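Q: Sharing a structure here in structure tokens format.
The values are calculated or read from the model by the stated rules, or taken from the named source; none is laboratory data. Quick caveat, the model's predicted, so the values are computed rather than measured. Note that each Cβ is placed from the backbone with ideal geometry, even for glycine, and that neighbours are counted across all protein chains shown.
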Amino acid sequence: MYRFLLTPRWWGINVFVLLAIPFCVFMGSWQLSRFEDRMQDHRAATERIDPADRAPARPLDRLLPVDKETSGELATVSGRYGEQLLVPDREVDGRTGFYVLTLLRTDEGKALPVVRGWLPGTADADRAPAAPSGEVTVTGSLQASETPGSNGVPVQGGLPAGQTSAISAATLVNLVPDDLYDAWITLDKGDSGMKAVPATAPQNTGLDLKAFQNLGYTGEWFVFAGFVVFMWFRLLRREVEFIRDAELGLLPDTVEPDRDGSGTAARGGDEPDGGDRATESRSREAEPAP
């Protein structure tokens with residue numbers, strides 16, 4: 001009964017199934033591994049920004065450039081505070097307020113953005129405490145430059161003078177004349193009574209949309225593999241039922257089984273085919289009436 005599996009048509013179906021299932025399983029497993037990698041990166045980044053688990057503070061120049069390994073590490077740097085800016089619409093502990101950001105000019109001749117703390121309410125320069133004067137040494141969590149629209153950074157434009165929407169060299173270069181580090185730090189202890197801004201995990205290491213897309217793709221590939229198996233069994237079942245019906249003589253008159261189990265159009269037994277009947281009908285119509 002199952003000799004039809006050796007026909008060319010079923011050879012093609014079987015080869016497709018044997019190739020499709022491993023491919024779907026491989027792609028699903030790969031997407032799952034990508035999701036697990038993002039989970040691991042997120043876990044490692046969270047551990048790095050936990051003060052209890054971080055290594056002792058190191059000089060800033062040893063941690064640059066900022067990457068997934070150095071983001072969140074404690075950095076220490078000396079210099080003099082310069083121009084001060086406000087970063088509005090930032091949340092800390094579920095409350096909206098603003099960061100107080102001050103540029104620290106180092107001995108290298110460059111300026112490092114330092115978030116000295118957070119205050120609740122609308123950004124107001126009169127409420128922001130002045131930075132300490134003279135030479136200072138600050139210690140805080142190293143952070144990569146922000147990108148508007150990601151990691152909770154709002155996309156804003158048309159801000160008043162003295163405010164910036166993102167803490168990044170690309171944004172600040174248009175606001176200050178200093179040569180800037182492509183990084184910033186947030187103090188572990190808020191300055192002048194302000195609340196300290198907690199460090200955040202680097203971009204592309206959290207459970208963001210891309211991570212859950214990987215998880216969704218994992219499910220899709222495994223569903224595809226199951227669908228291929230389902231369709232193969234369905235075709236097999238239909239073919240077996242067709243052969244059984246043929247053996248019992250239950251097929252319509254217009255179909256008769258081949259030896260390989262597939263059906264073909266019949267000639268209707270001893271009855272004339274459609275062409276002969278049409279010719280006979282035209283002949284009778286052409287005969288003259290008596």
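Q: Residues of the stretch 97-116 being in contact with an Asp or Glu (Cβ under 6 Å, 6 or more places away or on another chain) and surrounded by fewer than 23 Cβ atoms within 10 Å (Cβ to Cβ), which ones?
A: LYS110
Q: Output the residue which, of all residues in the stretch 63-121 that are closer than 17 Å to ALA144 by Cβ and among the acidic types (Asp, Glu), is modelled with the lowest pLDDT.
A: Step by step, filter the stretch 63-121, then rank; the result is GLU69.
Q: Among (1) hydrophobic (A, V, I, L, M, F, W, C); (2) buried (at least 17 other Cβ atoms within 10 Å of the Cβ); (3) modelled with pLDDT of 90 or more, which single condition is ALA211 missing?
A: ALA211 satisfies all of (1) hydrophobic (A, V, I, L, M, F, W, C); (2) buried (at least 17 other Cβ atoms within 10 Å of the Cβ); (3) modelled with pLDDT of 90 or more except (3).
Q: Within the stretch 43-62, does at least one residue satisfy the condition of being surrounded by fewer than 18 Cβ atoms within 10 Å (Cβ to Cβ), of a type outside the set (A, V, I, L, M, F, W, C), modelled with pLDDT of 90 or more and outside any helix (DSSP H, G or I)?
A: Yes, the stretch 43-62 has at least one match.
Q: Right, something else. Being within 24 Å of the chain's Cα centre (by Cα) and either surrounded by fewer than 18 Cβ atoms within 10 Å (Cβ to Cβ) or modelled with pLDDT of 90 or more (or both) is the requirement here; does LEU172 meet it?
A: Spelling it out, it is not the case that LEU172 is within 24 Å of the chain's Cα centre (by Cα) and either surrounded by fewer than 18 Cβ atoms within 10 Å (Cβ to Cβ) or modelled with pLDDT of 90 or more (or both).
Q: Okay, moving on. Can you find even one residue in the stretch 5-27 that is surrounded by 13 or more Cβ atoms within 10 Å (Cβ to Cβ) and modelled with pLDDT under 80?
A: yes
Q: Sticking with this one: Please determine, by comparing only the residues of the stretch 133-159 that are surrounded by fewer than 17 Cβ atoms within 10 Å (Cβ to Cβ) and modelled with pLDDT of 90 or more, which one is nearest to GLY117 (Cα to Cα).
A: THR139
Q: From VAL66, VAL114, VAL87, VAL100, which residue is touching a residue at least 12 places away in the same chain (Cβ under 8 Å), β-branched (Val, Ile, Thr) and outside any strand (DSSP E or B)?
A: VAL66 is the lone residue from the list that is touching a residue at least 12 places away in the same chain (Cβ under 8 Å), β-branched (Val, Ile, Thr) and outside any strand (DSSP E or B).
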